[in-house]
Amino acid sequence: MSNDIFVITEHMDEKFSDVSFEMVGKAKELASALGGQAVAVALGSGLSANGFASDSTIYVDGANLAQFNPEAYGKVIEALVKEKSPRLVMFGWTATGMDLAAWLSARLGKPCAAYVKNIGADLTMTCQIYGGKMSADVSPDGDMAIAAVLAGSFPVEAGQGSTAATQIESPVALDGLKIKFVEAIKPAAGDVDITAQTKLVSIGRGIGSKDNVELAEELAKKLGATVSSSRPVVDAGWMPRTRQVGKSGLKVKPKLYLMLGISGAPEHLEGMKGAELIIAINTDKKAPIFNVAHYGSTADLFEVAEAMLELL
Amino acid sequence: MNIVVAIKHIPSIADDLPVKGNNVDFDSVDFVLNEFDEQSIEQAVLVKEAVGGTVTVVGVDMIGELDAVLHLALAKGADKAVKITGDDPAADSHQQAKWLAEAIKGMSADIVFAGVQASNDLDGQIGPMIAAHLDMPYIGGVSSVEVAGDSAMVNKEFAGGVGAKYSVSLPMVVGVQAASKPPRYAPISKVRQVAQTATIEKIAPSGEAGAGLTFKKMAPPVVTGHAEMFTGSSKEVAAKIVELLKSKGLA
């Protein structure tokens, strides 16, 4: 057993994601409190992983690791963790980390906390669950734990540095994989780019039905804005995926973000919290969005939108 | 093709979540189907319609009210419904995944679907843990599944419309982000009819597993800021918003 903190970093198109650096920064703080090392772990093929401020960086290079593959990545990470016995393994609560953290926990029989927003020096983890409505402090039992960390929880800069990575080959054989990467899928072209808009009227589940989207469209038109939405609206088929804001959608930073019927789950906040002016209309007075929005109202969104149309 | 859908019955976040001790007061909350499970059930039925087979929906009965959820799944096209008589509203994802994996072991599953996440996945999601217990590959964040022979082509979403296509040999566990079509609607009359005729198989829970987490505190998040709230009638609120936008040159 060691007091090392492992950070499983992630990258796309040879660029490491912000959450990777955020976690490395936090890992340094924790490692220094626990008397261990902050170890960045990167998997890829022909990748340069020399940009972290970690105490050391392990870079596993292999042809099967060029693109994210949950099976191949899982096998490599499991082997490394078994060999090095870190105190804590950090993943991003992201499209990639979400495939691995709970899987590794069940494989190793070690505790796992998800939706992690903060980690204390005693490894108490603060988790934002129930769509951001509740915050749970939990403490992992035993000598090894896994954390799946929400992006945007820690500063990026603290994890940026120039530690030279130590390149190794995969510690396990990666032939006979059941999952094979076939090809990348690029965003569908042709629709407006919501990341380039200065004003967005964004609709959530509270819009109620596809027919009501028209009201948001009218309001957006009057404001010179574009309609964007939260994920459930897209999953219901009411809006195209190109308009989705949030973790699995796009990150936007408009001058105006007018939200109709969006509760503000952590996944949505990740995509819009940098907007200059956030106005939220939601009938649930305890909706987490009111902790982030600059202005808010619990009035009926349809009545407010109709009344705004008359005034504009 | 044996298609299995593992579902979670979870506290509704539409209302307030009262706290008792260091956890949610499960006696005082409504339980609902995890929203991602609606997508997962739809994707399972779509696969059945494309290649044939049976869809079995299985979940842990957290508070003795899972029948209504299972009836809805059957009305939407599932063929069989199984409930694990957990009767422990505090059972965590680790415990549920273990019980579900033990139940699924006897089903000769070719594909197991699960929702990609649930809002109460404090200790991680059931999908990857079921995969670990059954020694099957897991891929999550999936928005379409096409089965051909003994493998499937799945689309996994990363972010912003960027994704990747993967080929996976069956059997496998899939974490569904969104079905390739929006979930179908089941009319109340059909759900009622199903409720009167369907049999739900009951299984006793088998296997022990725990999250290994000690709860220290559960509370609404400590916030540093709060929105300035506009009050009054809807018309007054609209007027205040328009005034604000005009003052900032945004309207």
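Each value in this text was obtained by applying a stated rule to the coordinates, not by laboratory testing. Predicted model only: the values in this text are computed from it and were never measured. Using ideal geometry, Cβ is built from the backbone for each residue, glycine included, and neighbour counts are taken over all protein chains shown.
Just a few scattered comments:
- Largest to smallest principal axis extent of the C-alpha atoms in chain B, angstrom: 63, 42, 40
- Beta bridges from DSSP with both residues in chain A: antiparallel share about 20 percent, rounded to the nearest 5.
- With q set to 0.15, 0.20 Å⁻¹, the log10 of I(q)/I(0) for the stretch B:151-247, from the Debye formula over equal scatterers at the Cα positions, is -1.09, -1.06.
- P(r) tail for the protein assembly as shown: Cα pairs beyond 33 Å make up 42% of the total.
- Each of A:M134, B:M1, A:M1 was scored by other Cβ atoms within 10 Å of its Cβ. Listed from fewest to most, they are A:M1, B:M1, A:M134.
- With all pairs of different C-alpha atoms in the average, the Kirkwood value for the hydrodynamic radius of the stretch A:153-310 is 17.6 Å.
- Cβ-based charge dipole, the protein assembly as shown, positive-most Cα from A:G152, A:S135, B:M107: A:G152
- Partners of A:K84 within straight-line reach, counting aspartates and glutamates whose Cα lies under 14 Å from its Cα and excluding those fewer than 8 residues away in the same chain: A:D4, A:D143.
- More than 28 Å apart - percent of Cα-Cα pairs taken over chain A: 45
- Our summary of shape: the Cα atoms of the stretch A:5-169 have principal axis extents of 42, 30, 29 Å, ordered from largest down, in whole angstrom.
- Checked against a 20 Å cut-off, the cross-linked pairs A:K221/A:K255; A:K75/A:K117; A:K247/B:K246 give Cα-Cα distances beyond that limit for A:K75/A:K117; A:K247/B:K246.
- Computed log₁₀ I(q)/I(0) - Debye formula, equal Cα scatterers, no solvent, the stretch A:162-243, q 0.18, 0.19, 0.22 Å⁻¹: -0.79, -0.85, -1.07
- Max mean-square fluctuation residue, GNM over chain B, Cα-Cα springs under 10 Å, options B:A114, B:A186, B:A159: B:A159
- 25 °C / 0.890 mPa s Stokes-Einstein diffusion coefficient of the stretch B:1-58, Kirkwood radius on C-alpha pairs, µm²/s: 186
- Across A:K273/B:K156; B:K20/B:K105; B:K83/B:K156; A:K82/A:K133; A:K286/B:K98, pairs whose alpha-carbon gap is larger than 27 Å: B:K20/B:K105; B:K83/B:K156; A:K82/A:K133; A:K286/B:K98
- Antiparallel beta bridges, as assigned by DSSP with both residues in chain B, represent about 40 percent of the total such bridges.
- Nearest 10 degrees, 0 to 90: helix A:301-311 Cα axis against chain A principal axis: 50
- 0 to 90° range, to nearest 10: angle between helix A:97-108 axis and chain A longest Cα axis: 40
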